[in-house]
Amino acid sequence: MKASLSDKIKALARELGFQKVGITAATGLPAEGRNLQTWLDRGNHGEMHWIKNRLTERVDIRKYFPGARSIISLGMNYFTGTSDDRVTADFNLSNYAWGDDYHLIVKERLRRLYASIRQEAGEAVKGIVCVDTSPVLEKVWAQRAGLGWQGKHTNLITRDYGSWLFLGEVILNLKLDYDPPFSEDLCGTCQACVEACPTGALSDYQLDSRKCISYLTIEHRGEFLPEQEQGLNDWVYGCDICQQVCPWNIKFQQPSPEAGFRSRNELTTRTLEEWQSDDQNDFSRIFRKSAVKRTKFSGWQRNLAAVKTNRHDQ
Ligand code: B12
Ligand code: SF4
Ligand code: SF4
């Protein structure tokens, strides 16, 4: 039997290094939109006003890409180790930022996938590629495309890789064959992530960014309040605690084949004091093409100083 275009797209995606791929129809998201609105009304976004600013597009993808008919949702395994592996020599830094910036790696693959689809289906096919920064509810689309479910830590979990996957999308003006959504919630009665979060940022299926170490070390600008600083413990950039305790990760995590996600040498060897003696040029050189640049040199130094204070206090 001749393979359908949807099957060909999935095969191409796997060749390009995506472990998970599914396709769903581009529709409005009224129920998820209401949840998102409640979340915003509660102030859970902290200073991330950009989430609110493009709300209309987030809850209706056709406002973001008029003509959208299909969403190809893709997941790329980035797991290269946990904080127990002590890959970072002198503090904790979340696994997602050990290697090269996923925005660059995933986007390049998405562009190649989009180009191959157009070669296969014709130039009349129009689309866009997204990873992280677009006004798109990526976890919702991944669930709808059958990749997995949103766990109580709010990340998208798959049965076969846990939650250590970056998500991306190719949105097309073309009708494709759609996959059934992932309709189970396999968290069951587990509460491990909610209980392990050291700052109490999680309640079931919702995250209060203002309390989240990941938010504080990456998105928050300016100084920390004393309680915020203390809460970071020894996490200098991002936080993996809620993912590390998840039984689905413990059981199904597997090393990523993607060389770009492996840790930079400097992270495995240098001490906190060495990092603190760096200037802006060192920071820019060491974190060239790294997601860590998001927090800027000033944020990085602020985070290092906080971890140092916590160490002294202990
Ligand atoms: C903003 C953002 C953050 C914020 C807020 C996180 C969050 N949970 O929303 C901060 C800075 C904290 C953050 C941290 C991290 N992030 Co982030 N982040 C995003 C971003 C850009 C938008 C997410 C968003 O729209 N949040 C808004 C809230 C409302 O969405 P939500 O949690 O999904 O909310 C739903 C639930 O609350 C749910 N819900 C269910 N029941 C109920 C009931 C009620 C009453 C309510 C109100 C809601 C509700 O409804 C809401 C809407 O669907 C996405 C990329 C994207 N464009 O989607 C990446 C993304 C989610 N992040 C990602 C990653 C990797 C991380 C970190 C692991 C990085 C790290 N190690 O530090 C942490 C994880 C922290 C955590 N436990 O979630 C990945 C997750 C991949 C995956 N497998 O799920 C994404 C998809 C980026 C990517 N392209 O790969 N992130
Ligand atoms: S990333 Fe860390 S601080 Fe944020 S919810 Fe998970 S465990 Fe809590
Ligand atoms: S730790 Fe438990 S409750 Fe949290 S996401 Fe994983 S399975 Fe769900």
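Readers should treat all values here as calculations from the given coordinates under stated rules, not as data from a laboratory. Since this is a predicted model, take the numbers as computed values, not measurements. Here the Cβ is made from the backbone with ideal geometry for all residues, glycine too, and neighbour counts use every protein chain on show.
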*asked:* For the pairs K126/K152; K139/K251; K63/K126, flag any whose C-alpha to C-alpha distance is greater than 24 Å.
replied: K126/K152
*Among W164, W149, what is the fewest-to-most ranking by other Cβ atoms within 10 Å?*
W149, W164
_Neighbour-count order for D185, D60, fewest beta carbons within 10 angstrom listed first_ = D185, D60
*N44 long-range amide H proximity, modeled H, under 5 Å*: none
*Diagonalise the Cα gyration tensor of the chain and give the resulting equivalent ellipsoid semi-axes, square root of 5 times each eigenvalue, largest first, whole Å.*
34, 22, 19
*Enter the angle in degrees (range 0 to 90, nearest 10) between the Cα long axis of helix 296-313 and the first principal axis of the Cα atoms of the chain, meaning the one along which they spread out most.*
50
_Taking segment 192-313 and dividing mean pair separation by its residue count, relative contact order in percent (alpha carbons under 8 Å, at least six apart)_ = 34
_Value of relative contact order over the chain, rounded to a whole percent, pairs C-alpha under 8 Å and six or more apart_ = 24
*Spit out the partnerless Cys residues in the chain, using Cβ distances under 4.7 Å as the pairing rule.*
C130, C187, C190, C197, C212, C239, C246
*If the cut-off is a Cα-Cα distance under 20 Å, which lysines reach K296, setting aside same-chain residues fewer than 8 apart in sequence?*
K308
*Compare the peptides 186-196, 10-20 by average per-residue count of other Cβ atoms within 10 angstrom and give them in order, highest first.*
10-20, 186-196
*Work out how far the C-alpha atoms of segment 192-313 reach from end to end along every principal axis, then list the three figures in whole Å, largest first.*
42, 40, 24
*What is the Rg over Rh value, at two decimals, for segment 122-249, using alpha-carbon atoms and the Kirkwood definition of Rh?*
1.04
*If you project the alpha carbons of segment 101-151 onto the principal axes, what extent comes out on each, in Å, largest first?*
38, 26, 18
*Kindly write out, for segment 29-45 in residue order, the coupling ³J(HN,Hα) from the Karplus curve 6.51 cos²θ - 1.76 cosθ + 1.60 (θ = phi - 60°), rounded to whole Hz, with x marking Gly and Pro.*
10, x, 5, 5, x, 5, 4, 5, 4, 4, 4, 5, 4, 7, x, 5, 8
